[in-house]
Amino acid sequence: MSRLLKVTIPHALGKVEARRRIETGFLSMQQNKSGMGLEAVSVEQHWDGDRMHFAATGLGQKVAGWLDVLQEGVQIEVEVPGLLALIAKRILATVTTKTQKLLQ
């Protein structure tokens, strides 16, 4: 059974700068997967307006979700499959921490 994780991360950057930082950070993550222990993970993303859809597949599991860039915050929703739902809190904490660093 999958689980939907949701978090809103506030920022004071404005929508344009927040999106720029997220785009840059996501590109950097994709380019540096090997340095992060993510060699076996395939990551995809695309933008639809100010919403970024993303998916990561590895070890037979797929995590997918979306991120909405707003004027004063970023809303993230991630669908976590069965086995990974058991560690959903850790996944959410990691996503939150990495996004907060991009928005500082």
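Spacing of the modelled spin labels on LYS101 and LYS15, each 7 Å from Cα toward Cβ, amounts to 2.8 nm. Answer with a single label: of (i) 2, 12, 23, 26, 20, 11, 4, 1; (ii) 2, 12, 19, 17, 14, 11, 8, 6, 4, 3, 2, 1; (iii) 2, 14, 27, 28, 19, 8, 2, 0, which was calculated as P(r) over Cα pairs in 5 Å bins from 0, in percent from the structure in view? Checked against the structure: label (i). Annotation: peptides 13-23, 64-74, ranked by per-residue average of other Cβ atoms within 10 Å with the highest first, follow the order 64-74, 13-23. Projecting the Cα positions of LEU27, LEU70, GLY60 onto the charge dipole of the chain (unit charges on Cβ atoms of Lys, Arg, Asp and Glu, taken about the Cα centre) puts GLY60 furthest along the positive direction. Net charge dipole, segment 3-102: roughly 300 debye, given to the nearest 20, about the Cα centre with Cβ charges of +1 for Lys and Arg and -1 for Asp and Glu.
Straight-line cross-link partners of LYS15 among the aspartates and glutamates, defined as a Cα under 17 Å from its Cα and at least 8 positions apart when in the same chain: GLU23, ASP48, ASP50, ASP68, GLU72. Estimated purely from DSSP H runs of n ≥ 4, each contributing -39500 (n - 2.57), the mean residue ellipticity at 222 nm for the chain is -10500 deg cm²/dmol once divided by its residues.
Every number in this text was worked out from the coordinates using simple rules, so none of it is lab data. Remember, predicted model here, so these are calculated numbers, not experimental data. Virtual Cβ from ideal backbone geometry, glycine too; neighbours counted across all protein chains shown.
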